[in-house]
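Asks: Just passing along the structure, written as structure tokens.
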Amino acid sequence: MERKVFGLGDVVEMKKPHPCGTNRWKIIRMGMDIRVKCLGCEHSVMIPRVKFEKRLKKIVETAKPEE
């Protein structure tokens with residue numbers, strides 16, 4: 001299985017929805033842990049990279065590189 005390539009500022013869709021009802025998240029910090037912010041209620045969560053990669057369904061939108 002191919003690893004999904006994601007980066008800072010990308011909008012991703014997770015397998016399970018957040019309690020607010022949406023399952024779209026924006027990546028706001030990357031490292032060993034990944035911090036994502038819910039696009040429905042603005043709640044942010046820090047998830048270990050391994051768990052994040054397992055829970056990631058697809059990348060909805062990639063961040064535009066700043067010039």
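The values are calculated or read from the model by the stated rules, or taken from the named source; none is laboratory data. Note that the coordinates shown come from a computational prediction; the quantities given were computed from them, not determined experimentally. Here the Cβ is made from the backbone with ideal geometry for all residues, glycine too, and neighbour counts use every protein chain on show. When the accessible area is computed, the model is the full protein with side chains, heavy atoms only, and any ligands, DNA or RNA have been set aside. Shrake-Rupley method; radii C 1.70, N 1.55, O 1.52, S 1.80 Å.
Asks: Calculate the tail of P(r) for the chain: the fraction of all Cα-Cα distances greater than 16 Å, expressed in %.
Replies: 41 percent
Asks: Of the heavy-atom accessible surface of the chain (probe 1.4 angstrom), what whole percent is carbon and sulfur?
Replies: Solvent-exposed carbon and sulfur of the chain make up 52 percent of the total.
Asks: Note down the magnitude of the dipole of the chain about its Cα centre, charges +1 on Lys and Arg C-beta and -1 on Asp and Glu C-beta and zero elsewhere, to the nearest 20 debye.
Replies: Value, rounded to 20: 380 debye.
Asks: Would you mind working out the accessible area per residue for the chain, using a 1.4 Å probe, and quoting it in Å²?
Replies: 75 Å²
Asks: Something else: Helix-only mean residue ellipticity at 222 nm, the chain, DSSP H runs n ≥ 4 weighted -39,500 (n - 2.57), per residue, nearest 500. What is it?
Replies: Taking each H run of at least 4 residues, the total per residue is -2500 deg cm²/dmol.
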